[in-house]
Structure formats: C-alpha cells, structure tokens
Amino acid sequence: MADDVDEPSEFNDEEIETDEMFDKEKNLSFKLFSSRYNKRGFSFTNLFESVLDVVADGFSSLVNNVIGEAKYSKTTGNRVSYKGHQVLRIHPMTPSQVDELREMRETETEDIKFWTEPSGNRTTDIVVAPDIIDDVKDFFRQKKIEYKVLLPDLQKTIAYQNPKMSKEQRDDLVTNQGHSMTWRRYQRFSEIMKYLEYLEMRYPNLIEVETIGHSYEGQPLRVVKVSTGKNEKTGESKPIVWIDAGMHAREWISTAVATYILNELTEKNSTYSKLLDTIDWMILPVSNPDGYEYSHVSDRLWRKTRSSYSDESDSSSRYTPAGLLHLVTHYTKWFWGKCEGVDPNRNFDYHWGQDKIRNGASTDPCHETYEGPQAFSEPETKAMADYIMSNRNNIKLYLTLHSYNQMWLVPWGHTHTKPSDYSDLIRAAKKAAKSIHKVYGTSYKVGSSADLLYPTTGASDDWAKGKAGIKYSYTVELRDRGAYGFLLPATQIIPTSREIWAGIRTIARIVTTDI
C-alpha cells in the first residue's frame, strides 16, 4: 500500500448564490410540504404501494432471519438510493439565518438531512433530495444564505467510496497473512469479527477478546484487550487506554482506524514494546454492530442503532407549517414502523434528557439524534458503560472515535462551562494534535464539544468523565472537513489511521506520566 496521502479534491462548486428572487414571506416548510405531496402525487394508490413495500420488507427480514445470510450478518433490506441527492454547504452569517436552519433541522423531513448542526460560528452540511433541490436553493437565495454544492450526486460518491474485493484477492490475503483484513477497503462486520478471532488465536499471550454484551439484534459486542501482563518493575496493573469506534453506523473510518491500531499493537508489537510495557489497551472496534451492518447493506447514511420504540415522548402541539410537516412526516413513518433506532451517543446517563431546546438531542423516535426512551435503553450503550465502570479504576484515557470534521473534542458537551481541569485536558489534546500534524500536515481543531460543535446531552465522553471519573476523556472527529464527509474514500484509511495513531501514542504517554 502506498504511503502517499490521497487528499480529497473538491467537486466543482456552484457559484455562491445570494440574489433575492422571491418574496420574503414565502415559507420553506410550506414549499417543501407542497413539493413532497404535489410532485409525488400523494394518493391512496401510493399509500397502498407503501403498505406492500412494508410487507415485502418484513417478509425479506423474516426469510433472512430463518435462513441466515452469514454468521454475523442479520440485517438486510432494500438498499436506499441517493441518486441525484446533493450535499450543500451552508454558510449562515446572521443569527436569523442560523435560526432558519435550526427550524429546518427540527423539521427533519425525509428530503433534507443534516450532516452537521446549524451554528453561528461554522458552516452546515445538508443532504437534499432531487425532488426539492430547486425549492431549497430558492429558499436560500430568498434568505440571502450563502451555499455551495459539495457533492452533486451522492450516490455516485457512495458507489466509488469502497472498492470491491474478489474472492481470489480475499483468498490470497488469507494465504499470505493468515486473515482477509486489509486497510485498502472498509470491512463488513463479519470480516472484523473473524479478524479478532485470528488475533486471539495468533497472539494468545498478548490478546484476549471478551464479549461484553450483545446488540439489539443479537450481535456480539467484542472488546479486544491488548496486554503483556502486569508491570514488570512494580508488579501492579498498568493504566488502560480505552478506544471505542463505530458508535454512529455511517462513520466507517472510525472502525477502520480502530482495527488499524489493533493491527499495529499486535502484528507489529515489537515496534511498540515500550508502549506495551507501560500501558494496556481495550479496544471496541464496532460498538453499534446492527447499525454498522445496516449501513453496508441497506442505507449507507444510517446513523443510529436498530432498536424500535413507540413514541413515548411528550408531543407538544405545533401549529406552524413547519410543525404540521414535522407531525405528518413523523407519524407517517411511525405508523409504518419506519422509526427504528436510537442515537447511541445521546443515550448515556449523564445529563440525559436535560435542556432539550437546541441541544443536539431529540425526543422524536424518527429523528437522527433520538436520545431513546430512557438513558441506557440500548443494550449496546449499557454493555459499554457496565464494562467501563468495572474497569474504571485503571482506565486513564477514554477515546471515542467519530467522523467527520478533524477535531479533538474536550468535555463538556452538555454545557459551555468548562471542567476544573480543562487546562490539563487541552494541554494534552494540543500535544496530540501537534503529533497528528507532523505526519501529513493534517490540522485538527482542539476545544470543547459545546464550543466547537454544539451543546448536546447523553454523550459518551461526558459520561466517561462525569460518571466513570476518567480524567482524560475525549471525542476524536476524524477526517475530513466535508469534501467527502461520511463518505471518506478507502484510499484515505491508512493516512488517517497513521496520523491518528501518532496522536494517540502521544496522549497515551502523557497519561502514563501524569498519573
């Protein structure tokens, strides 16, 4: 594999359009509502067809569960197409423009998806369906909100993100290296599980794979413990670095980086003998296996888990056009069972469910940031928390890998108030970012989650620090800054992994010297 970095090239951007072409009294929510149901010709015929689709999906799932596609593959369904969908980068310049985007975000129709939260100090990336792309652009022109097109056809980007691997290539890998893992492409859940089994068999004195629980659909949650035993000099247990990845299903690069780090610590362990002599590692490469697999076989942009709950939230009456649209889309999806999943990074029991106004967590089961009916409602988050709590006395560094935006985020996320040891956290994070930059020149911003992104509740890093008592707790947002977003090409797996691994080694050494 070549060491060169394939930096993303921007697609041809449309010129930023700011001309005021429409009456300011036009309402986007009404336009989108009209667009969706007039252009698509909503009728009882379409409703009947939707029923047939749901029945077909249910039958397909039933057949798959009975027959079984593979040992670690239980999720199937009709593949979602994003043909003609565009990714727009929005640049709000005034508080009122931010409010317009936040209202659009709250509506969360099927035709508009936000990749990043609206904020006054940064751009916002959204995915827009082809049916309403002209209406949305007209709305931005009307409101004088600047935008440009990042990805003109999302499906084409999806198609080219992950190269296929033939059976012959897979067999060659097994013959040459004993397993089929490669960091030339993104791997399915089954291949990752097989790789963990290989590592445990190949390095029994270094590796222990422990199943700490199971997902909603019954998939194993497997933590890999990398340890050479107790400290030879003191005879005491060594400090532990915890890394989890794949919490959000569509963020494939996070899981790829976690498996890369495992490969470095095990198959190249002699290179890191000094690091292993002083630190133990616990790595959970796929913390949302149901969602991860679903993002491979059904919906590439799926974010949440795959659990299913009724709407137990307080449905406040909303009589604005945006509110009516929200209710129609929500209850239509809910009635047909289309509201699966909880955002696992809103489901941890630390300030869960508090300050719900514009805080990045939703009470709506159909929303991408749905926090769940209660804290730790998801077996995945509960298993993680229980295991971390049982080892919290030795875990000195908590890292959760996400994408995208190239940020090293420090608690707190639920408030702009800083923890008392904020300067310690920032100092260590900046040294990690400096090490990252030395590898390929990639820049990472360092700051609190609330300041650099947006306030939210129920996040794992806040819980790790606030409840588990792990001083150094961080969220790391990997490449890139939006040229590809969640669809980072497989050619960038190794460069991303190398630079992050350099940053993690740096901060791990800081942790061991600070305890």
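The values are calculated or read from the model by the stated rules, or taken from the named source; none is laboratory data. Remember, it's a predicted structure, so these values are computed and weren't measured experimentally. Positions of Cβ are generated from backbone atoms using ideal geometry, with glycine treated the same way; all protein chains shown enter the neighbour counts.
Take the residues of the stretch 476-504 that are out of contact with any helix residue (DSSP H, G or I) (no Cβ under 6 Å at 6 or more places or on another chain) and not in a helix (DSSP H, G or I): which is surrounded by the most Cβ atoms within 10 Å (Cβ to Cβ)? Only one residue tops the list, namely Val476. Among the residues of the stretch 353-376 satisfying the criterion of being within 12 Å of Pro455 (Cα to Cα) and under 20 Å from the mean Cα position of the chain (by Cα), which is modelled with the lowest pLDDT? The qualifying residue modelled with the lowest pLDDT is Arg358. Among the residues of the stretch 121-140, those identified as closer than 17 Å to Pro92 by Cα, surrounded by 20 or more Cβ atoms within 10 Å (Cβ to Cβ), in contact (Cβ under 8 Å) with a residue 60 or more places away in the chain and not charged (D, E, K, R) are Val127, Val136, Phe139, Phe140.
Of all residues in the stretch 154-179, those satisfying the criterion of being under 25 Å from the mean Cα position of the chain (by Cα) and buried (at least 18 other Cβ atoms within 10 Å of the Cβ) are Leu154, Thr157, Ile158, Gln161, Asn162. The single condition among (1) buried (at least 23 other Cβ atoms within 10 Å of the Cβ); (2) modelled with pLDDT of 95 or more; (3) within 21 Å of the chain's Cα centre (by Cα) that Gly413 does not satisfy is (2). Residues that are out of contact with any Asp or Glu (no Cβ under 9 Å at 6 or more places or on another chain) and of a type in the set (Asp, Glu) were ranked within the stretch 281-338; the one that is modelled with the highest pLDDT is Asp299. Figure legend. Inter-residue proximity from the stretch 155-178: first residues part of a helix (DSSP H, G or I), second residues among the charged types (D, E, K, R) and surrounded by 14 or more Cβ atoms within 10 Å (Cβ to Cβ), beta-carbon distance below 7 Å, spacing 6+ or different chains. Indicated pairs: Ile158/Arg300.
Residues in the stretch 451-472 that are farther than 17 Å from Asp386 by Cβ, of a type outside the set (D, E, K, R) and modelled with pLDDT of 95 or more were compared, and the one that is farthest from the chain's Cα centre (by Cα) is Tyr472. Evaluate the following for Ser423: is it assigned to a helix (DSSP H, G or I) and surrounded by 16 or more Cβ atoms within 10 Å (Cβ to Cβ)? Here the answer is no, as Ser423 does not meet what is asked.
Whenever a residue of the stretch 200-211 is without any contact (Cβ under 8 Å) to a residue 24 or more places away in the chain, its partners that are outside any strand (DSSP E or B) and aliphatic (A, V, I, L, M), lying with C-beta atoms within less than 6 angstrom and at least six residues away or across chains, give the pairs Val209/Leu196.
Okay, residues lined up against (1) farther than 21 Å from Arg481 by Cβ; (2) polar (S, T, N, Q); (3) in contact with a helix residue (DSSP H, G or I) (Cβ under 6 Å, 6 or more places away or on another chain); (4) at pLDDT below 95:
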residue	(1), (2), (3), (4)
Met93	no, no, no, yes
Glu108	yes, no, no, yes
Asp111	yes, no, yes, yes
Trp115	no, no, yes, yes
Gly120	no, no, yes, yes
Ala129	yes, no, no, no
Lys143	yes, no, yes, yes
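For the stretch 440-453, the criterion of being closer than 26 Å to Asp125 by Cβ and free of Cβ contacts under 8 Å to residues at least 24 places away in the same chain is satisfied by at least one residue. Annotation note: of Thr107, Thr94, the sole residue that is among the polar types (S, T, N, Q) and touching a residue at least 60 places away in the same chain (Cβ under 8 Å) is Thr107.
In the set (1) in a helix (DSSP H, G or I); (2) of a type in the set (S, T, N, Q); (3) buried (at least 24 other Cβ atoms within 10 Å of the Cβ), the condition left unmet by Asn263 is number (3). Ile90 falls short on exactly one of the conditions (1) closer than 17 Å to Tyr454 by Cβ; (2) surrounded by fewer than 16 Cβ atoms within 10 Å (Cβ to Cβ), and that condition is (2). Considering the conditions (1) in a loop (DSSP other than H, G, I, E, B); (2) surrounded by fewer than 23 Cβ atoms within 10 Å (Cβ to Cβ), Met389 is excluded by exactly one of them, (1). Considering only residues that are within 21 Å of the chain's Cα centre (by Cα) and part of a loop (DSSP other than H, G, I, E, B), look in the stretch 195-244 and name the one that is surrounded by the fewest Cβ atoms within 10 Å (Cβ to Cβ). The extreme case among them is Gly218.
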